[in-house]
Amino acid sequence: MRDRVDERIVAGGDARAQLGFGMIHGSYGTLGVLTRVTCRLYPAKPCVHLTYVTLPTLAAFEAEMRARIAAADHDFVDGIIHGPGRFVVCLGRFVSEAPYLSSYRRLHIYYKSTAERAEDYLTTADYFFRYDTECHWLSRTVPPLEWKPVRWALGGVFLGSENLIRWSGRLAPLLGLKRRPDVVVDLFLPGARFADFYRWYEETVRHFPLWVVPYRMPAPYPWLSPAQVARMGDDFFFDCAVYGKPNGDPAIDWSEVLEDKTFELGGIKTLISRNHYSPERFWDIYHRDNYERMKARFDPGGLWRDVYAKLVSGRR
């Protein structure tokens, strides 16, 4: 890609470059690859002080999360729903020193700690990789990986995202005997529809923990169609991460059910998952004119498949 994408995009001064940059973000490698990016860094400190606020209702959970975002009094805000009546808002602040430091690299399990502790301290590096040891909580699909003796003896071989992905590849022929893989997907729900989604999820899907991450879209992405932007009706979202939902029931494909519900509520799902969209629905969500314009510009020889062919066709 010859076009230089630089600080002019941040200033909004070059609409053509801005469109190209925005489309690459949503094209999953089908338009090209970014090779140079200028970033604005955020000042960090050596440690993160975590505070866990446990709440009994969804309304209190959402209100607390929105209040902390509005107050801007923490560096990090997310949440974990451990089950009905067990909602935890996770708040983090950078600190220069800590009275102690916890480690979740081997023996201890981070996601469980959020239901057991009121506060914690991690190094900044460990905070950013706090979910990596378990791949959030996918390690529990092999129960012995949550046993401390096994973690002590074999954790270096099996734990961590790189190891788990490597072993998944090695065991793929055996895993292929399963009718479908477990569900692993992120769903971005408009803030105004989050409560509707959760009530349905608790009654219908019932898979926990559910990771909830607030997200504000600075402007509608150019890969979103005007119809989808109108359906969303919001610039504030909750990313609901469904990791490891068993999906072996021959009568119901939970991957497709979650996809349909997200569309119904005006949300967006990440496409690094199993996808079931018809071409009509896919291009009702994604901006076909913008995509095809950038495809002709960046990949005129058709070296890469288009985004629908790559992420939907053959992967249902």
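Values in this text are rule-based calculations from the coordinates and carry no lab data. None of the values given here were measured: they were computed from a predicted structure. For neighbour counting, all protein chains shown are included, and Cβ atoms are generated from backbone atoms with ideal geometry for every residue, glycine included.
Normalise the Cα radius of gyration of the chain by 2.2 N^0.38 Å (N = residues in it) and let me know the number.
Here the Cα radius of gyration is 1.07 times the empirical estimate.
Note the full-extension length gain between residue 140 and residue 86 as 0.36 nm times their separation in residues minus their Cα-Cα distance, in nm to one decimal.
17.5 nm
State the Cα centre-to-centre distance between segment 129-163 and segment 278-301 in whole Å.
Going from one Cα centre to the other spans 40 Å.
Tell me the angle of helix 15-25 to the major Cα principal axis of the chain, expressed in degrees between 0 and 90 and rounded to the nearest ten.
Its long axis makes an angle of about 50 degrees.
Rg/Rh for segment 78-150 to two decimals, with Rh computed the Kirkwood way over all alpha-carbon pairs.
Answer for segment 78-150: 0.96.
Any idea how far the Cα center of segment 54-125 sits from the one of segment 225-271, in Å?
Using only Cα atoms to place each centre, the spacing works out to 25 Å.
For the pair residue 195 and residue 45, what calculated FRET efficiency results from E = 1/(1 + (r/R0)^6), where r is the Cβ-Cβ distance and R0 = 41 Å, to the nearest 0.05?
0.70
Please list, by residue number, every one of the GluC sites (Glu not before Pro) in segment 52-99 that is coil in DSSP and has at most 10 other beta-carbon atoms within 10 Å. Walk me through the numbers before you get to the answer.
Details: sites: 62, 64, 97; in loops: 97.
Sparse-neighbourhood loop GluC sites (Glu not before Pro): 97.
In debye, nearest 20, what is the charge dipole magnitude of the chain about its Cα centre with +1 on Lys and Arg Cβ and -1 on Asp and Glu Cβ, if you could check?
Charge dipole, the chain, about its Cα centre: 900 debye, nearest 20.
Rank 25, 84, 207 by how far each Cα sits towards the positive end of the charge dipole of the chain (+1 on Lys, Arg Cβ; -1 on Asp, Glu Cβ) and give me just the farthest.
25
Hull surface divided by four, with the convex hull built on the Cα atoms of segment 38-161: how many nm²?
Reported value for the Cα convex hull: 9.4 nm².
Let me know the Kirkwood hydrodynamic radius for segment 183-276, please, with Cα pairs as the basis and the value in Å to one decimal.
13.6
Where nothing but the Cβ of Lys and Arg (+1) and of Asp and Glu (-1) is charged, how large is the charge dipole of segment 183-276 around its Cα centre, in debye to the nearest 20?
On the way: 9 positive and 13 negative charges, 32 e Å.
Value, rounded to 20: 160 debye.
Rounding to the nearest 20 debye, state how big the charge dipole of segment 252-311 is about its Cα centre with +1 on each Lys and Arg Cβ and -1 on each Asp and Glu Cβ.
Roughly 320 debye, rounded to the nearest 20.
Full-extension gain between residue 67 and residue 303, please, as 0.36 nm times their residue separation minus the C-alpha to C-alpha distance.
Using 0.36 nm per residue and subtracting the Cα-Cα distance, I get 80.2 nm.
Pick out, from 129, 165, 101, the residue whose Cα sits farthest towards the positive end of the charge dipole of the chain, with +1 on the Cβ of Lys and Arg and -1 on the Cβ of Asp and Glu.
165
What residue among 36, 68, 166 has the largest mean-square fluctuation in a Gaussian network model of the chain, using Cα springs under 10 Å?
Ranking 36, 68, 166 by mean-square fluctuation puts 36 first.
If I fit a long axis through the Cα atoms of helix 58-71 and take the longest principal axis of the Cα atoms of the chain, what angle between them do I get, 0 to 90°, rounded to 10?
70
Working out 0.36 nm times the residue gap between residue 98 and residue 128, then minus their Cα-Cα distance, what length gain in nm do you get to one decimal?
Extending this stretch completely gives an extra 9.1 nm.
What is the helix-to-structure angle for 288-298, meaning the angle in degrees between its Cα long axis and the longest Cα principal axis of the chain, kept from 0 to 90 and rounded to the nearest 10?
That helix lies at roughly 80 degrees to the long axis.
Using the charge dipole of the chain (Lys, Arg: +1 at Cβ; Asp, Glu: -1 at Cβ; taken about the Cα centre), state which of 223, 244, 312 has its Cα farthest towards the positive end.
Most positive-ward Cα: 312.
Please report 262, 123 as a ranked list, fewest other C-beta atoms within 10 angstrom at the top and most at the bottom. Can you show the working numbers first?
Details: 262 21, 123 15.
Ascending number of Cβ neighbours within 10 Å: 123, 262.
Can you pull out the chymotrypsin sites (Phe, Trp or Tyr not before Pro) in segment 33-138 whose DSSP state is coil and whose Cβ has at most 12 other Cβ atoms within 10 Å?
Qualifying residues, ordered by number: 100.
With runs of 4+ DSSP H residues as the only contributors, calculate the mean residue ellipticity of the chain at 222 nm using -39,500 (n - 2.57) per run, divided by the residue total and rounded to the nearest 500. Don't skip to the end; give the middle numbers.
On the way: 14 runs with 119 residues, N = 316.
Calculated from helices alone, the mean residue ellipticity at 222 nm is -10500 deg cm²/dmol.
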